[in-house]
Amino acid sequence: MKHDLIFYDHKCPFCTACVNNLAAFDKHDRLRFAPLESKWADFYIPDKKKLRTMVLLERQRGAWIRGKGVMRALWLLGGAWKIIGWMHILPKALLDPIYLCFVKLRHYLTGDSELRIPSHKKLQ
C-alpha cells in the first residue's frame, strides 16, 4: 500500500463533501479514496458489513474509524489542519459521541453533493 486509504459512504452527501475537501487539501498527495461498497474496501476491510462510517487505513498505524479516523485524516493533511487533527489522540469514548451526532444529522447538513476528487486520487 503506497498511500493512506479513506473509505467512505458514497450515498451520503455530507460524506462526499468531506471527501471532496480532504482531496482538495491533500497537498502532500498522501490519500486515496474509495467507497465502502468498492472492491478495494472488500479487499482491505473484509468484515465491513456493519460499517457505515469513514475508515482511514494508514500505512504505518493501521485502521482508524469514526471520529478518530476523521481527526487522524486531518492530522495527516498537515499545516493548519493539525490544529484540529491533534484530537485523534483523545479517547474514542469522547470522539465517537460527537461523530455519531454528525452521522444522525449528516443528510440535513448538505444537499446533494457530487464527487469531485481528481481521478488520480480515486482507487480504481
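Please treat every number below as a calculation from the coordinates, not as lab data. Quantities reported herein were computed from a predicted structural model and do not represent experimental measurements. Using ideal geometry, Cβ is built from the backbone for each residue, glycine included, and neighbour counts are taken over all protein chains shown.
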Problem set entry | Estimated FRET transfer efficiency (Lys82, Arg116; beta-carbon r; R0 30 Å; 0.05) | 0.75
Exercise. Which far-off residues, 5 or more places away or on another chain, put their amide H under 5 Å from the one on Phe33, with H placed in the peptide plane?
Worked result: Ile6, Lys122, Leu123
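Out of all DSSP beta bridges with both ends in the chain, state the antiparallel percent to the nearest 5.
Working: 7 of 13 bridges.
Restricted to the chain, the bridges split so that about 55 percent are antiparallel.
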Problem set entry | Efficiency of FRET between Asn20 and Lys104 - r from beta-carbon atoms, R0 22 angstrom, step 0.05 | 0.55
For this session: List the extent of the Cα atoms of the chain along each of their three principal axes, largest first, rounded to whole Å.
Result: 35, 30, 28
Exercise. Taking neighbour Cβ counts within 10 Å as the exposure measure, how do His3, His88, His120 sort from fewest upward?
Worked result: His120, His3, His88
